[in-house]
Structure formats: C-alpha cells, structure tokens
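Asks: Here it is, the structure in full.
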Amino acid sequence: MDRFLLRSPLLAGLLTVWLLVVIGALITAFILNYTDVQEQHFNYFSYTINSLALFVGGWIAGRKSGRKGWYFGAVTGGLYAVIVFLIGILAFDTSFDWFNLLHFAGAIAIAALGGMLGVSMRTSA
C-alpha cells in the first residue's frame, strides 16, 4: 500500500495540498491566538495559503507523473476543490454559487501551472 501511495501522482499531490493547508491553518491559529491581529485581516492570507498549497501539490503531482503535468496538476486541483465544496455543503450547509465555480476554476489553473512546472523541472534535472 505504501508503494502505491508513493507512486500515485494524484494521491501525492492531494496529500501535499492537505498537509500544507493544515500547516497554514495551524500557523494562522497561533498568530490569531498569540498576537493582537484581528481575524478580518486574514482573508487574503487564507487565499494565499490555499494557492501556494495547490501550486506545490500540482508541482508534486506533475513531478511524480513525469508526463502530462498540466493534466495531473489540474485533476489534483479539481479534486481538492470538490472536497472543499463537499465539506462546505455537508458541514456548513452552503449552496452552490458562482464563487464556488470561480474557486474550482482557480484551483484547477493554479495546480495545473504547478504540474507543468513540475514536469519541466524533472526533465531538466
């Protein structure tokens, strides 16, 4: 099973995205708890954490695949966006709107870019 997890570009990319998002959330929680910074200043910080996590996850997926980095990155970003949307529906009773579609498209684009760079860096190294 471990060998499958290590070889699968999609699982490696998704695990990377979730790991980075959790680390970013913990850092944010510590900053909010131990400083005087207010919550409303962290809207763009959360978008930045998610974007960086998606880019790195797409990069990992593309690098592991060795081919079609845009595809593996885009699927990684799409799966992440679907999981986040499902969590929103199930846990917070949100509904589908245009912002969800924008989030989905952005996640795919950012992770696909990371996937393309991951493949190109693999072949040049």
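The values are calculated or read from the model by the stated rules, or taken from the named source; none is laboratory data. For clarity, every value in this text was computed on a predicted model and none was experimentally measured. Neighbour counts are summed over all protein chains in view; Cβ atoms, including those assigned to glycine, are modelled from backbone coordinates with ideal geometry. Ligands, DNA and RNA are excluded from the accessible area calculation, which covers all protein heavy atoms including side chains. Shrake-Rupley method; radii C 1.70, N 1.55, O 1.52, S 1.80 Å.
Asks: Can you tell me, using C-alpha contacts under 8 Å and at least 6 residues apart, the relative contact order of the chain as a whole percent?
Replies: 33
Asks: Turning to a different aspect of this structure: Above 15 angstrom, tally the Cα pairs of region 74-124 and express them as a % of all pairs, no decimals.
Replies: More than 15 Å apart: 51 percent of the Cα pairs in region 74-124.
Asks: Take the solvent-accessible surface of the protein heavy atoms, probe 1.4 Å, and return the percent of it on region 1-82 that carbon and sulfur atoms account for.
Replies: 67
Asks: Only Lys, Arg, Asp and Glu count, each charged at its Cβ (+1, +1, -1, -1), so figure out the dipole size of region 15-125 about its Cα centre, rounded to 20 debye.
Replies: Here region 15-125 has a charge dipole of around 780 debye.
Asks: Here's something else I'd like to know. Compute the length gained on full extension between Ile83 and Ser8: take 0.36 nm times their separation in residues and subtract their Cα-Cα distance, giving the result in nm to one decimal.
Replies: That works out to 25.2 nm of additional length.
Asks: Next question, about the same structure. Please compute the per residue accessible area over region 12-125 with all protein chains in place, 1.4 Å probe, rounded to a whole number of Å².
Replies: On a per-residue basis, region 12-125 sits at 64 Å².
Asks: I'd like to know which of Ser8, Leu90, Ser51 lies farthest towards the positive end of the charge dipole of the chain, counting +1 on Cβ of Lys and Arg and -1 on Cβ of Asp and Glu.
Replies: Going by the charge dipole, the pick is Ser8.
Asks: Would you kindly compute the Cα radius of gyration of the chain and its largest Cα-Cα separation (Dmax), both in Å?
Replies: That works out to 15.5, 47 Å for Rg and Dmax.
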